[in-house]
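Working notes, beginning with the structure itself.
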Amino acid sequence: MTGDWKQATQLVHAGARRSQYGEMSEAIFLTQGFAYESAEAAEARFVGAGPDEFIYARYGNPTVRMFEDRIAAVEGTQDAFATASGMAAVSGALMALVKAGDHVVAARALFGSCLYVLENVLARFGVEITLVDGTDILAWQSAIRPDTRLVFFETISNPTLEVIDIAAVCQVAHAVGALVLVDNVFSTPTFSRAVALGADVVIYSSTKHIDGQGRALGGVICGTRDLVRGPIETYMKHTGGAMSPFTAWVMLNGLVTLDLRCRAMAATAGKIADALAGDARLSRVIYPHLANHPQHALALQQMESGGTLVSFDIAAGKAAAFRFMNALQIIKISNNLGDARSIATHPATTTHQRLPDDQKQLLGITPGLIRLSVGLEDAGDLIADIGQALDMI
Ligand SMILES: *Cc1c(COP(=O)(O)O)cnc(C)c1O
C-alpha cells in the first residue's frame, strides 16, 4: 500500500498515473479540456467528478493531479492543490479560509509578499491582522483571541532562520479553534514535520527546493480533503491560479530527486556553518543546528536537519558585504533559494529593500547580512570560495 511507503519511495512513485502505453516518465497532459462521451456524462461530471475525471485544467488536470497526489503523500496530508506560484498558494489559502471580521495572527518575520497579502490585501477586505515575534510563545498567547480564525507563520523564517515552535503555537491556536497555516519552504518537504506537529495546512513554493533547479514557478497547498477540495479548490478554480501541466511535470521530476538533494545541500550547509562559526570578520553566523542559535534546543528537537540555508553578518557592513559578494566565483548573486547552484543574497538591498529601516532592524536584517542558499557543489569548493571572498572584504 502506498500509505506504508517510506518518504523516499513516495517521492519516486506516489501519485503516478499511467496511460494505456505504460510510459515510465509521467505524461504531460497538455490539454485544457476533456471530451465527454455524452451530454449525460458531461452533466454527471459537473455534479461530481471522480478522482480520474477532469473538467477543465483550471480545476484540475491529470499531470497536475499526479503532482498533487505525490506531494500530499510525502507531506502526510490527505490532499493537495497545486498553484501557479508559491504566492498563488499563500494568497489562495488565505483568501479561501478567512472572511471580513475574522482575526488573523501571524509571525512578523515573513517573506515580503506574504506580509503584503496580509497587511495590504486581507486588511482591505476587513480582516484584522496582528503580527507577533514568532519565537515568543507568550506573544502568540496574548495575541490569539476567541475570534482568531487563522494563524500563519514560516516554520523557519527568512532570512534570519528563526525557528518557530510549531507544536506550541498549534496548541494555542487550536484551543480557540483557529486553523494553523504554515509556509514551509525553508523546512523543505524532506525535513518537514509540520503535519505531525499539528499544522492544518502546509504551503510550499515549489519554485524552491521542489523544482530545485530554478526552472519553473509553482506552489502547492497541502491539507485535509475537506479543506483542500472544499474552500481551497473552490476559491482556486474560480480565481485562476492553477499550475500548468508542464510545470507539474517539472515538479514531479523534482520530487524524484528531492530527498537526495535536500540531504546533500543540508550536509554542506552544516559544514559551511561550522567553518564560518567563530570567524572574527562575521558578527553572526546563523544556522539552526549551530550551538549558538537562539532556538538551538528547539531546532534539534523539531528539525532533523539544520536545513539548506546559512545566514551570516559581515561585521564591517554593506560595502564589505558587497565586496564579499562581488568576489564570489562559484556562488551566484541572485535571490532564489533551494537551487542546485549556490546563491548569495543581500536581503537589505534586494528581497527586503522596501522595508523601513526600523522594521529591518527589528527583523535583524542588518547592512552586512548575507543569506546563502547552499547548492549541490562540492562542500570544500564552496568553503574555499567563501574564504577567498571574505579575504577580499
Ligand atoms: C519564494 C517564497 C514564497 C513565494 O513563492 P513564489 O513561488 O516565488 O511565488 C513564499 N514564501 C517563502 C518562504 C518563499 O521562500
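The values are calculated or read from the model by the stated rules, or taken from the named source; none is laboratory data. Everything numeric here is computed off the predicted structure, so don't read it as measured data. As a convention, Cβ positions derive from the backbone with ideal geometry for all residues, glycine included, and neighbour counts pool all protein chains shown. Ligands, DNA and RNA are excluded from the accessible area calculation, which covers all protein heavy atoms including side chains. Shrake-Rupley method; radii C 1.70, N 1.55, O 1.52, S 1.80 Å.
Taken along the Cα-to-beta-carbon direction at a fixed 7 Å, the label points for residue 45 and residue 315 span 6.7 nm.
For residue 6, the solvent-accessible surface computed with a 1.4 Å probe is close to 150 Å², ligands and nucleic acids excluded.
Think of a 1.4 Å ball rolled over the protein heavy atoms: the chain then has 42 Å² of accessible area per residue. Largest mean-square fluctuation among 270, 50, 306, in a Gaussian network model of the chain whose springs join Cα atoms under 10 Å apart, belongs to 50. Short-range pairs are left out: with C-alpha atoms under 8 Å and at least six residues apart, the relative contact order of the chain is 17 percent. The alpha-carbon of residue 332 sits under 25 angstrom from the alpha-carbons of these lysines, leaving out residues fewer than 8 places away in its chain: 208, 271, 318, 360. How tilted is helix 379-390 with respect to the longest principal axis of the chain? Cα atoms for both, answer in degrees (0 to 90, nearest 10). Between helix and principal axis, roughly 50 degrees. Karplus-based coupling profile of segment 11-23, in residue order and whole Hz: 4, 8, 10, 4, x, 4, 10, 10, 7, 5, 8, x, 4, with θ = phi - 60° in 6.51 cos²θ - 1.76 cosθ + 1.60 and x standing for Gly or Pro.
Taking the Cα centre of each part, how many Å lie between segment 57-87 and segment 164-200? With segment 57-87 and segment 164-200 each reduced to a Cα centre, they are spaced 19 Å. Note on the chain: GNM, Cα springs under 10 Å; of 111, 81, 67, the largest mean-square fluctuation is that of 111. Put the Cα centre of segment 296-320 next to the Cα centre of segment 114-140 and the gap is 24 Å. With a 10 Å cut-off between alpha carbons and a GNM built on the chain, which of 168, 14, 248 moves the most? Greatest mean-square fluctuation among the candidates belongs to 168.
Taking the protein heavy atoms of segment 2-254 in the context of the full set of protein chains, the accessible area attributed to carbon and sulfur is 54 percent at 1.4 Å. Figure legend: label point modelled 7 angstrom from the Cα of residue 304 along Cα→Cβ; residues of segment 69-99 with amide N under 18 Å from it are 70-77.
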